[in-house]
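Okay, structure first, notes after.
Since every read-out is calculated from the coordinates, none of them should be taken as a lab result. It should be emphasised that the depicted structure is a prediction, and the values quoted were computed from it without experimental measurement. All Cβ positions, even for glycine, are placed from backbone atoms using ideal geometry, and neighbour counts span all protein chains on display.
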């Protein structure tokens, strides 16, 4: 399973209002504007070194949007340009938007950060009854529930909807004790949004509309995939494969909308960034209570160490929280769809300056490189280093480390398998659901998840097969290893899918007599 934990690439920090920095920086609107002429070249140079087709950037200082520009094209092979109103899928940058929306509900007293999910959404359960009764909005927004990294993501790959995924989480064992460790979980984060909306008798999508998008005039923004697809001025997502950007996927993140389902433009994101910098105020109106919003920036748990210099990193409520090398508090979040989208939001609350970078391709470290280079110029006059090779390399290391075994080609010497009837039948897994192996006219086939398949099984070696399918989540097209366990040498008693087995959960046990 690909771990989409991009917090390791985060570049920001935070604390509660009022903001102060350990080392004050002489940053004014004039000094920021003086640095802006170099930003065009920074973005263009990064695009030339990568295969990213389109980028949009916004810079805010105080309550002024001082830079707003698009680069490149919305889709490879077409001429339509990216502009400030082009709608991008922003992936996990949805998380701080979600925490802002929930802060608005906290600020009016309708829920509290420490409200228990069991009180807000009584139907939600985890495998441990005590944790089910104690876990709070704060716990879920800071990824400290104790559940495994990216719990639920593979259920999305198998085509389950939000309600089914949240239900099935109760069958997954924790990876750590409650509140003891950080583990990035899109669907636990999603439950926080669902629970908050439930208290208001509304949907999550309507809540973020009413509390964030509409008050800020973010008319191009939505947490509904259908709205993104309906936008005439939208950036297609591109998977970079073998040095070429390909618009081959449609990533529908509705199941995890509070965690990764927002689409927005640079212009709209600049409005939200203005609200953040101004402690919940926008255009002279207090949209979100400043104290409630400030709590989202307070560190809740350590999340790792910086790749740059080994400094401790923290996670707040939907925010990566760091101190940079200047001793300045910096808040940020990165977003990525492995099927073809990238995003970064980062700001210095004490200095009241921030940047948003949106890109329509993956893998690339362009948003982080542009962000770090800009802040270096702003704070130091010159970049400390060439950031692009660092972040491009980190993404490649992550992909290489988690590529898994290659089942696309069989070994040179192949042992024969058993008869098709030895493998066919129905298998069950409490977390992933049922799986069927059927005998078709041209061989074995597999059905799994939310009525996915049949997919032909190709024999690989002895009791091992493979199949290729297009996941419904963010793992794109996958070739999956399928290993049968045949204890008596005659009939398989279980089958394990390597793709689903990251935490030892990918084994399906034969049900009944195994025959349909």
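Legend: translational diffusion of the stretch 168-291 by Stokes-Einstein, Rh = Kirkwood radius over C-alpha pairs, 10 °C, 1.306 mPa s; D = 94 µm²/s.
Sorted fewest first by neighbouring Cβ atoms within 10 angstrom, 157, 498 come out as 498, 157.
Fewest neighbouring Cβ atoms within 10 Å first, the residues 172, 448 line up as 172, 448. Between 0 and 90 degrees, the angle of helix 186-199 with respect to the longest Cα principal axis of the chain falls at about 70 degrees.
By the gyration tensor of its Cα atoms, with a ≥ b ≥ c the square roots of the eigenvalues, what is the shape of the chain: rounded for a/c under 1.5, prolate for a/b over b/c, or oblate? Prolate, because a/c is 1.5 or more and a/b exceeds b/c. Full extension of the chain between residue 127 and residue 29 yields a length gain of 30.1 nm, computed as 0.36 nm times the residue separation minus the alpha carbon distance. Let a ≥ b ≥ c be the square roots of the eigenvalues of the Cα gyration tensor of the stretch 108-168; is it rounded (a/c under 1.5), or, if not, prolate (a/b larger than b/c) or oblate? It comes out prolate by the Cα gyration axes.
Each residue in 180, 334 was given a count of other beta-carbon atoms within 10 angstrom of its own, and listing them fewest first yields 180, 334. Per-residue extension of 0.36 nm, minus the Cα-Cα distance of residue 511 and residue 470, leaves a gain of 12.1 nm for this segment. Taking the Cα atoms only, what angle lies between the long axis of helix 387-401 and the longest principal axis of the chain, rounded to 10 degrees? Its long axis makes an angle of about 20 degrees.
Spin-label model, residue 384/residue 462: points 7 Å from Cα along the beta carbon direction are separated by 5.2 nm.
Estimated from the Cβ-Cβ distance and a Förster radius of 35 angstrom, the FRET efficiency linking residue 419 and residue 206 is about 0.05. Counting only DSSP H runs of at least 4 residues, each contributing -39500 (n - 2.57), and dividing by the residue count of the chain, the helix-based mean residue ellipticity at 222 nm comes to -7500 deg cm²/dmol.
With the convex hull of the Cα atoms taken as the outline of the stretch 420-510, the averaged projected area works out to 5.7 nm².
The gain in end-to-end length when the residue 281 to residue 167 segment is fully stretched comes to 37.3 nm, 0.36 nm per residue minus the alpha carbon separation.
Here r is the Cβ-Cβ distance between residue 309 and residue 41 and R0 is 25 Å; the resulting FRET efficiency, rounded to 0.05, is 0.40. How far, in degrees from 0 to 90, does helix 366-380 lean away from the longest principal axis of the Cα atoms of the chain, to the nearest 10? Between the helix axis and the principal axis of the chain, the angle is about 30 degrees.
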